[in-house]
Amino acid sequence: MTWLALTLLAFVTGVLAQRRTRSVLANPTLIATVAVGAALLLSRTPYAAYAGEVRPLSALLTPAVVALAVPLYRLRALLARQWRALVLGGLGGTLTGVVADTLLPQLLRLSSEAQSALMTAPATSPVAVQLAAVTHAPPALAATLAVLSGLIGALILPPVLDRLGVRHPLARGVALGSVAHGIGTARAREESEDAGAASSVGMGLAALAVTLVVALLAG
């Protein structure tokens with residue numbers, strides 16, 4: 001149970017650091033990822049061994065994702081009134097991310113595996129893993145890049161939105177969800193329930209949009 005305890009301790013440390021510093025860099029997920037990753041590298045522990053030990057924690061991901069539907073139901077009237085803006089914003093953000101993640105790797109002359117994996121980075125990691133069979137990307141790389149995309153988006157996007165003067169919670173939420181999926185949704189929920197609900201919509205639209213793009217390109 002060592003790795004399970006270390007993972008929980010790293011995340012709690014991140015939460016405490018975030019509350020104390022109020023810095024965008026003090027993201028609990030980022031801090032826990034860096035700390036656990038460093039520990040795995042230093043101890044030369046295979047990922048399979050780590051994944052097996054933290055399986056009880058991983059099992060909580062499913063109910064956590066389902067729980068995102070609670071604010072959607074609670075705010076269904078508000079979201080229904082703004083569905084056009086949410087759909088346009090969510091799809092616009094996701095498709096922009098897909099285009100950037102497709103063209104930039106080509107300009108940088110990255111490997112074909114990296115290019116294929118980056119194509120699905122705007123989607124949440126479970127979707128990216130499933131689409132890896134279609135894009136012929138290594139599933140582990142696709143999942144890793146999706147998580148990194150979420151972390152970077154959750155760190156960078158809120159201050160960018162502040163500078164652009166975007167204050168409406170639904171606009172901020174759908175932007176975070178469509179670009180930074182699950183991690184962005186967690187960040188949006190810290191701002192308000194409205195932003196969290198809109199972010200859940202953006203995350204769902206991102207998964208749908210990326211799947212359709214991959215299906216069209218594969219066809």
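The values are calculated or read from the model by the stated rules, or taken from the named source; none is laboratory data. Remember, predicted model here, so these are calculated numbers, not experimental data. All Cβ positions, even for glycine, are placed from backbone atoms using ideal geometry, and neighbour counts span all protein chains on display. Keep in mind that these areas ignore ligands, DNA and RNA; they rest on the heavy atoms of the full protein, side chains included. Shrake-Rupley method; radii C 1.70, N 1.55, O 1.52, S 1.80 Å.
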### Query
the chain: longest stretch without exposed trypsin sites (Lys or Arg not before Pro) (DSSP loop, at most 14 other Cβ within 10 Å), sites themselves excluded?
45-108
### Query
Taking only the alpha carbons of the chain, what extent do you get along each of the three principal axes, in Å, biggest first?
51, 45, 32
### Query
How many angstrom lie between the C-alpha centres of region 160-219 and region 93-107?
16 Å
## Note on the structure
Regression test value, accessible area per residue of region 1-65, probe 1.4 Å, units Å², expected 70 Å²
### Summary
Of every hundred units of 1.4 Å-probe accessible area on the chain, the number belonging to carbon and sulfur atoms, as a percent, is 69 percent
### Task
Can you check what the net charge comes to around Met119, using other residues whose Cβ is under 15 Å from the Cβ of Met119 (Lys, Arg +1; Asp, Glu -1)?
-2
### Query
Under DSSP H, which helices of the chain have Cα atoms covering 27 Å or more of the helix axis and a Kyte-Doolittle average no less than 0.0?
2-21, 83-107, 139-164, 193-218
### Task
Would you mind computing the Rg to Rh ratio of region 1-113 from its alpha-carbon coordinates, Kirkwood style for Rh?
1.08
#### Entry: Residue-averaged 222 nm ellipticity for the chain, from DSSP H runs of 4+ at -39500 (n - 2.57), nearest 500
-27500 deg cm²/dmol
